[in-house]
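Undergrad: Mind having a look at this structure? Questions to follow.
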Amino acid sequence: MGGGGHQTDQLSAGDRGPYAVYTWEEVQKHSRRGDQWVVVERKVYNVSEWVKRHPGGRRVIGHYAGEDATEAFTAFHPDQRLVRKFLKPLLVGELAPSESSEDHKKNAAIVEDFRALKEQLEAKGLFRTNPLFFVLHLGHVLLLEALSLALLWNWGSGWINTILCILLLATAQSQAGWLQHDFGHLSVFKSSRWDHLVHKFVIGHLKGASANWWNHRHFQHHAKPNVISKDPDVNMLKLLVLGNVEPVEVKSLNSFGPPLLIPVYFNIHILQTMYIQRDWVDFAWYLTYYARYFSCYVPYYGFLGSIVLLTIVRFLESHWFVWVTQMNHIPMEIDHEQHDEWLTMQLKATCNVEQSFFNDWFSGHLNFQIEHHLFPTMPRHNYVHAAPMVRELCEKHGVQYQVKGLWEAWCDIVRSLRTSGKLWLDAYLHK
């Protein structure tokens with residue numbers, strides 16, 4: 001039983017002979033950069049070179065190196081037949097018959113019940129899109145932007161009109177942010193190619209950002225939410241520490257990153273990523289946003305005035321973005337890798353906010369963060385239908401399913417940050 005590196009080296013991509021079998025202990029040895037194996041449905045794949053070409057980025061695969069990636073694989077890829085074509089030449093073997101399908105002592109009953117739940121949801125059609133929903137959402141984003149220009153065209157750029165213009169643009173940008181999120185998760189079209197194309201249009205032309213930058217960052221968050229050193233949303237040690245673990249382990253900080261710094265941080269990171277990766281397609285889309293924006297607003301505010309206007313819009317959008325996206329995560333468990341089942345891992349790191357028409361619209365349906373994290377390719381208008389079945393499964397296995405009011409969720413952010421600050425200060429004073 002088992003196969004070492006020498007045996008693996010002898011296997012070519014076109015070898016149709018019998019493959020080697022491996023124990024979990026052997027697979028787990030291949031978890032370093034440049035030597036990465038993953039297991040999908042008991043098949044062992046050498047993805048060491050493939051990670052460089054992975055559309056979701058190398059890090060999201062690296063987070064599962066040496067582990068079972070079956071649940072993450074099925075969650076992220078709606079067209080698994082297509083993806084398996086890329087996996088086939090990477091196959092180096094399979095798990096030994098004596099090995100469990102689950103690594104790290106995961107609960108097989110939870111894994112199996114969650115798989116069955118997804119099949120039930122698929123049978124109910126909850127992974128099918130209502131095209132009208134997304135057409136109307138895009139339409140209301142474009143309408144908000146058109147109203148801001150119509151306001152200036154008809155009544156000029158006085159203080160009242162400028163304030164109204166800022167509010168309209170900030171709302172348009174926030175709602176466009178939720179829309180690009182839908183396309184980025186491949187949850188709109190049957191063909192992922194169309195999702196990728198429209199994603200570049202929405203995030204690039206309507207928002208002035210990069211689709212590949214978003215993919216590489218956001219998929220890591222979904223793959224390992226609130227896992228220290230793996231989730232980029234909590235891996236910001238130069239800016240702030242979160243939860244109850246980081247504040248004790250990190251004894252020094254360079255600065256604190258309030259929402260005002262988010263657009264600065266993101267914009268610098270976006271430009272840096274596009275330059276390093278030579279992503280000129282995303283850069284072209286990025287430029288179209290600024291060309292459109294300045295051509296529309298320079299005639300009313302001048303160049304410097306337009307920059308000030310955009311900065312204020314980004315400031316408001318940043319607050320909107322931070323309060324919505326972090327109300328589901330910051331108050332939850334933030335810790336090192338625990339190797340939980342997909343269901344358990346996501347529920348430890350996420351909670352929901354009560355459903356209402358306003359909460360759905362205001363948060364882009366991220367008030368159903370639990371369902372979104374469990375099923376990232378599900379169209380968001382179907383979360384409300386999936387939620388009762390998810391809650392039932394959680395109750396069966398004793399997994400906590402939290403639902404809060406909007407105000408309570410925001411207060412929990414403040415309480416969580418206060419607790420983290422006290423822990424950090426105590427650790428700093430006694431270092």
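Undergrad: What single numbered condition from (1) open to solvent by 50 Å² or more (accessible area, probe 1.4 Å); (2) under 30 Å from Glu395 (Cα atoms) fails to hold for Glu71?
TA: (1)
Undergrad: Might you check whether a residue that is modelled with pLDDT of 95 or more, surrounded by fewer than 14 Cβ atoms within 10 Å (Cβ to Cβ) and not small (Gly, Ala, Ser) occurs anywhere in the range 296-303? Break it down into steps so the answer makes sense when it comes.
TA: Quick first cut of the range 296-303, residues modelled with pLDDT of 95 or more only: 296-303.
With surrounded by fewer than 14 Cβ atoms within 10 Å (Cβ to Cβ) added as a condition, the list becomes 299, 302-303.
If we keep only those that are not small (Gly, Ala, Ser) too, we end up with 299, 303.
Yes; the residues of the range 296-303 include at least one that is modelled with pLDDT of 95 or more, surrounded by fewer than 14 Cβ atoms within 10 Å (Cβ to Cβ) and not small (Gly, Ala, Ser).
Undergrad: If the requirement is being modelled with pLDDT of 90 or more, open to solvent by 40 Å² or more (accessible area, probe 1.4 Å) and closer than 20 Å to Trp178 by Cα, which of these qualifies: Leu316, Leu287, Leu260? Give the derivation first.
TA: On the way: Leu287 fails: closer than 20 Å to Trp178 by Cα; Leu260 fails: modelled with pLDDT of 90 or more.
Step by step, each of Leu316, Leu287, Leu260 is checked, and only Leu316 is modelled with pLDDT of 90 or more, open to solvent by 40 Å² or more (accessible area, probe 1.4 Å) and closer than 20 Å to Trp178 by Cα.
Undergrad: Can you run down the residue pairs with Cβ atoms below 9 Å, 6 or more apart or on separate chains, where the first is in the range 381-395 and without any contact (Cβ under 8 Å) to a residue 24 or more places away in the chain and the partner is of a type in the set (A, V, I, L, M)?
TA: Tyr383/Leu126; Tyr383/Ile370; Arg391/Ile370; Arg391/Val403; Glu392/Leu117
Undergrad: Taking the range 188-212 as the search range and keeping residues that are outside any loop (DSSP other than H, G, I, E, B) and of a type in the set (A, V, I, L, M), which one is most open to solvent (accessible area, probe 1.4 Å)?
TA: Within the range 188-212, the subset outside any loop (DSSP other than H, G, I, E, B) is 192-206, 211-212.
Applying the additional criterion that residues be of a type in the set (A, V, I, L, M) yields 197-198, 202-203, 206, 211.
On the way: Leu197: 89, Val198: 32, Val202: 1, Ile203: 5, Leu206: 5, Ala211: 4 Å².
Of everything passing the filter in the range 188-212, Leu197 is most open to solvent (accessible area, probe 1.4 Å).
Yes/no per residue for (1) under 30 Å from Gln180 (Cβ atoms); (2) open to solvent by less than 30 Å² (accessible area, probe 1.4 Å); (3) in contact with a Ser or Thr (Cβ under 6 Å, 6 or more places away or on another chain):
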residue	(1), (2), (3)
Lys88	no, no, no
Ser100	no, no, no
Lys105	no, no, no
Glu112	no, no, no
Lys124	yes, no, no
Arg128	yes, no, no
Pro131	yes, no, no
Val135	yes, no, no
Val141	yes, yes, no
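Undergrad: Can Leu82 be described as open to solvent by 60 Å² or more (accessible area, probe 1.4 Å), modelled with pLDDT under 95, out of contact with any Lys or Arg (no Cβ under 9 Å at 6 or more places or on another chain) and hydrophobic (A, V, I, L, M, F, W, C)?
TA: Values: open to solvent by 60 Å² or more (accessible area, probe 1.4 Å): yes; modelled with pLDDT under 95: yes; out of contact with any Lys or Arg (no Cβ under 9 Å at 6 or more places or on another chain): yes; hydrophobic (A, V, I, L, M, F, W, C): yes.
It is true that Leu82 is open to solvent by 60 Å² or more (accessible area, probe 1.4 Å), modelled with pLDDT under 95, out of contact with any Lys or Arg (no Cβ under 9 Å at 6 or more places or on another chain) and hydrophobic (A, V, I, L, M, F, W, C).
Undergrad: Pull out all pairs, ordered by first then second residue, where Cβ-Cβ is under 7 Å, the residues are six or more apart or on different chains, the first lies in the range 345-373 and is within 18 Å of His185 (Cα to Cα), and the second is assigned to a strand (DSSP E or B) and among the polar types (S, T, N, Q).
TA: Cβ pairs passing all conditions: Asn367/Asn352; Phe368/Asn352; Gln369/Asn352; Ile370/Asn352.
Undergrad: I need the full set of residues from the range 48-84 which are without any contact (Cβ under 8 Å) to a residue 60 or more places away in the chain, under 23 Å from Asp195 (Cβ atoms) and of a type in the set (A, V, I, L, M, F, W, C), in order please.
TA: Hits for the range 48-84 are Trp50, Val51, Ile61, Ala69, Phe73, Val83.
Undergrad: Can you confirm whether the range 385-394 contains a residue that is out of contact with any Gly (no Cβ under 9 Å at 6 or more places or on another chain) and not in a helix (DSSP H, G or I)? Steps first, please.
TA: Step one: of the range 385-394, the residues out of contact with any Gly (no Cβ under 9 Å at 6 or more places or on another chain) are 385-394.
Of the ones still in play, those that are also not in a helix (DSSP H, G or I) are none.
No: the range 385-394 contains no residue that is out of contact with any Gly (no Cβ under 9 Å at 6 or more places or on another chain) and not in a helix (DSSP H, G or I).
Undergrad: Given the conditions (1) within 23 Å of Leu142 (Cα to Cα); (2) open to solvent by less than 10 Å² (accessible area, probe 1.4 Å); (3) at pLDDT below 95, and given that Gln173 satisfies all but one, which numbered condition is not satisfied?
TA: All conditions pass for Gln173, except number (3).
Undergrad: Output the number of the condition that Pro376 fails; it satisfies all remaining conditions of (1) touching a helix residue (DSSP H, G or I) at 6+ places or on another chain (Cβ under 6 Å); (2) open to solvent by less than 10 Å² (accessible area, probe 1.4 Å); (3) not in a loop (DSSP other than H, G, I, E, B).
TA: (3)
Undergrad: Can I ask one more? Please enumerate the residues belonging to the range 44-83 that are farther than 22 Å from Ser101 by Cβ and touching a Ser or Thr at 6+ places or on another chain (Cβ under 7 Å).
TA: Pro78, Asp79
Undergrad: Go through the range 332-348 and give me each residue that's of a type outside the set (D, E, K, R) and modelled with pLDDT of 95 or more.
TA: Step one: list which residues in the range 332-348 are of a type outside the set (D, E, K, R), which gives 332, 334, 336, 338-339, 342-347.
Matches in the range 332-348: Trp342, Leu343, Thr344, Met345, Gln346, Leu347.
The values are calculated or read from the model by the stated rules, or taken from the named source; none is laboratory data. Computed from a predicted structure; not experimentally measured. Using ideal geometry, Cβ is built from the backbone for each residue, glycine included, and neighbour counts are taken over all protein chains shown. The protein model used for the area step is the full one, side chains on, heavy atoms only, and it has no ligands, DNA or RNA in it. Shrake-Rupley method; radii C 1.70, N 1.55, O 1.52, S 1.80 Å.
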